[in-house]
Amino acid sequence: MQRISAGHRYTPIIESLPVKSPIWTATLIAVIGDVSRFRNCAEFHAYLGWSPQVDRSGSSLDSSKLAKSCVRLSHKVFGQMVMIILAPVIRTTAFRIYYQRLTARGMRPARAMGHVAGKLSAVLYSMLKTMTLYDEAKHRTELGLPPRSETFAQLTVAAPLDYIGSFDEDLEFLKDAVESTERQGDRAVKLPR
């Protein structure tokens, strides 16, 4: 799989993200195809499964959730990327800081993870459209963060995953934890690590 995707023009761009895996790279290349077929970022989000779907009940009830129609493989890839980015053993990235900002504002962790995955897909769309590598300094600046003071020898973390498929179980764990938190009211529940 690595040999096949190694020669693709999107490979260095996808692998310049803060986390990478040859399986994720090959999956995203297969799912995306040619990025020029998407007219804008919203179409790209919807296709990858990270766009909101608003439910309306007349004029009194609005709620939003992730759209169900998407390519499941890409949905899982971005979900797994977010799980790795948020892992405490991985260096702090602009995506983790974005997640921390969202949860500090009171957003539930599972919903904040969805926002981070959407941000990650927006960054990837921009990178593929302009054929540029991920620039963390630029991303930090656009998020209003100070520049990094340390220099890291390895900016990208390789994720040693052999398959794509555990994200649904991770989401179930998070949903159970969120429901448990909601049942207990305002008391905070410490999630197991």
Conditions: (1) of a type outside the set (S, T, N, Q); (2) modelled with pLDDT of 80 or more; (3) in contact with a strand residue (DSSP E or B) (Cβ under 6 Å, 6 or more places away or on another chain); (4) surrounded by fewer than 14 Cβ atoms within 10 Å (Cβ to Cβ). Ile90 meets all but one. Number of the miss? (4)
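Here is a yes/no grid of residues against (1) among the small types (Gly, Ala, Ser); (2) modelled with pLDDT of 85 or more; (3) in a loop (DSSP other than H, G, I, E, B):
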{"residue": "Phe44", "(1), (2), (3)": "no, yes, no"}
{"residue": "Asp55", "(1), (2), (3)": "no, no, no"}
{"residue": "Ser59", "(1), (2), (3)": "yes, no, yes"}
{"residue": "Cys70", "(1), (2), (3)": "no, no, yes"}
{"residue": "Ser74", "(1), (2), (3)": "yes, no, no"}
{"residue": "Tyr98", "(1), (2), (3)": "no, yes, no"}
{"residue": "Arg101", "(1), (2), (3)": "no, yes, no"}
{"residue": "Arg111", "(1), (2), (3)": "no, yes, no"}
Could you check Trp50 against (1) modelled with pLDDT under 85; (2) part of a helix (DSSP H, G or I); (3) among the aromatic types (Phe, Trp, Tyr) and say which number it fails? (2)
Could you tell me which of the residues Ser16, Ser36 is hydroxyl-bearing (Ser, Thr, Tyr) and assigned to a helix (DSSP H, G or I)? Ser36
Is it true that Val82 is at pLDDT 90 or above and touching a Gly at 6+ places or on another chain (Cβ under 9 Å)? yes
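The values are calculated or read from the model by the stated rules, or taken from the named source; none is laboratory data. Predicted model only: the values in this text are computed from it and were never measured. Reconstructed Cβ throughout: ideal geometry from the backbone, glycine too, with neighbour counts over all protein chains shown.
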